[in-house]
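Here the structure comes first, spelled out in structure tokens, and everything after it is commentary.
The values are calculated or read from the model by the stated rules, or taken from the named source; none is laboratory data. Quantities reported herein were computed from a predicted structural model and do not represent experimental measurements. Here the Cβ positions follow ideal geometry from the backbone for every residue, glycine too, while neighbour counts run over all protein chains shown. Ligands, DNA and RNA are stripped out before the accessible areas are found, and what is left, the full protein with its side chains, is counted by its heavy atoms. Shrake-Rupley method; radii C 1.70, N 1.55, O 1.52, S 1.80 Å.
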Amino acid sequence: MAEPLTPELLVRAYEQGFFPMGEEDGSIAWYWPDPRTIIPLDRFHVSKRLAQTVRQGRFEIGIDCDFEGVMRACADREETWITDPIVAAYTALHRQGLAHSIEAYHAGKLVGGIYGVSLGGAFMGESMFSRVTDASKVCLVYLVDRLRARDYSLFDVQFLTPHLKRFGAVEIPRKDYMQRLGRALRKERRFVDEWGKGGLVKKERIKD
């Protein structure tokens, strides 16, 4: 019988380079890709158009205001690996202060977001969604800005896609990834200053 998906199992898996995806039958599949995709924080690319959108302040940005809402929105598609057991496990991890979301709001409604897991100086991005043009992209910009400001050293995005490649994502060998992960896990970093203090944030300038 497979071990239940718990926050403790998730942490152990991420520390060894694995991550889960839900299957249609309710089971959990584990992945350890080679190569692995990361976004180097010092090479994150923001287009001029997107930078202008960020500066315009079109969206209000939230941190951990609606973690489960972001997960549910990411799962709202014809085919999804974000099954109910995945939502339950990551929401529990969120309650422990180890999973976080960045959200975009417009007219008081959640219109975009991204969520992931924070361990040491590593952030593992899981999924993102957008109901309004550029909403998820703006969340990604805010996320990277936060990771840079708090001296994270690894931003894992798992698999390379054309969308992520435009932001500077690159594939690296699994061996290289594991070395970077080990160094990042030895760092002591906090995604939020006080757990339970998430809320809306405003920034005048996002670093290019």
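Work out the length of the dipole vector of the chain about its Cα centre, built from +1 on the beta-carbon of each Lys and Arg and -1 on the beta-carbon of each Asp and Glu, and round it to the nearest 20 debye. Spell out each step's value before the answer.
Details: 31 positive and 29 negative charges, 257 e Å.
Taking the Cα centre of the chain as origin, the dipole is about 1240 debye.
Quick one: accessible area per residue over region 59-208, 1.4 Å probe, rounded to a whole number of Å²?
48 Å²
Let me know the shape class of region 65-173, please: from the alpha-carbon gyration tensor, a ≥ b ≥ c as square roots of the eigenvalues, rounded when a/c is under 1.5, otherwise prolate if a/b is greater than b/c, or oblate.
Cα axes put region 65-173 in the rounded bin.
Among Leu147, Leu9, Thr80, flag the residue with its Cα farthest along the positive direction of the charge dipole of the chain, charges on Cβ as +1 for Lys/Arg and -1 for Asp/Glu.
Value computed over the given set: Leu147.
What whole-number volume per residue, in cubic angstrom, does the convex hull of the C-alpha atoms of region 40-121 give?
Values: hull volume 11.0 nm³, N = 82.
About 135 Å³ per residue, rounded to a whole number.
Among the aspartates and glutamates, which fall within straight-line cross-link reach of Lys187, defined as a Cα-Cα distance under 19 Å, with same-chain neighbours fewer than 8 residues apart omitted?
Here the aspartates and glutamates satisfying the reach criterion relative to Lys187 are Glu15, Asp42, Asp145, Asp151, Asp156, Asp176.
Over all directions, the average projected area of the alpha-carbon convex hull for the chain comes to how many nm²?
11.2 nm²
Give me the percent of accessible area attributable to carbon and sulfur for the chain, probe 1.4 angstrom.
Result for the chain: 48 percent of the exposed heavy-atom area is carbon or sulfur.
Once the dipole of region 62-126 is set up with Lys and Arg at +1 and Asp and Glu at -1 on Cβ about the Cα centre, which of Ile63, Tyr105, Ala89 lies farthest towards its positive end?
Ile63
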